[in-house]
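**Student:** Sending over a structure as structure tokens; questions will come in a sec.
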Amino acid sequence: MMRVGFSIVLESAFLKIGQHTVELIHIPSNEKPVHFQLHGHVHEKRPSKIISNQLNLSVEVWDYKPVAEKIILSLLDKASKNEIRLEAQNSNLMS
């Protein structure tokens, strides 16, 4: 593997944000995960940043700015209480 300054490369990793266990992953799952996923890879803008338990953190969705952990936590809290409309399908996530 080419050395680019990383000591380890993972497919995904899990961490806690507030009360939520989230998976950090580059490419979102095709199926709705049972936990929240924080992902990139999907570069088009969408009306909803959370689709089927997946929060898109691609820079295009967030006006090319980093997303603060408190904003992520707020979105996860609202989504877990169904205060944010979650779209039923996640087709075309891989494009």
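The values are calculated or read from the model by the stated rules, or taken from the named source; none is laboratory data. Keep in mind that what you see is a predicted model, and the values were worked out from it rather than measured. Using ideal geometry, Cβ is built from the backbone for each residue, glycine included, and neighbour counts are taken over all protein chains shown.
**Student:** What single numbered condition from (1) modelled with pLDDT of 85 or more; (2) out of contact with any helix residue (DSSP H, G or I) (no Cβ under 8 Å at 6 or more places or on another chain); (3) under 21 Å from L10 (Cβ atoms) fails to hold for L93?
**Tutor:** (1) is the only condition that L93 fails.
**Student:** On to the next question. Kindly provide the set of residues from segment 33-62 that are part of a loop (DSSP other than H, G, I, E, B), at pLDDT 85 or above and touching a Leu at 6+ places or on another chain (Cβ under 9 Å), ordered by number.
**Tutor:** Residues satisfying the conditions are G40, N53, L57.
**Student:** Just to be sure before I move on: is K16 in a helix (DSSP H, G or I), among the basic types (K, R) and out of contact with any strand residue (DSSP E or B) (no Cβ under 7 Å at 6 or more places or on another chain) in the structure I sent?
**Tutor:** no
**Student:** Could you check how many residues of segment 8-29 are surrounded by 10 or more Cβ atoms within 10 Å (Cβ to Cβ) and either in contact with a helix residue (DSSP H, G or I) (Cβ under 8 Å, 6 or more places away or on another chain) or under 16 Å from N53 (Cβ atoms) (or both)?
**Tutor:** Qualifying residue count for the region: 14.
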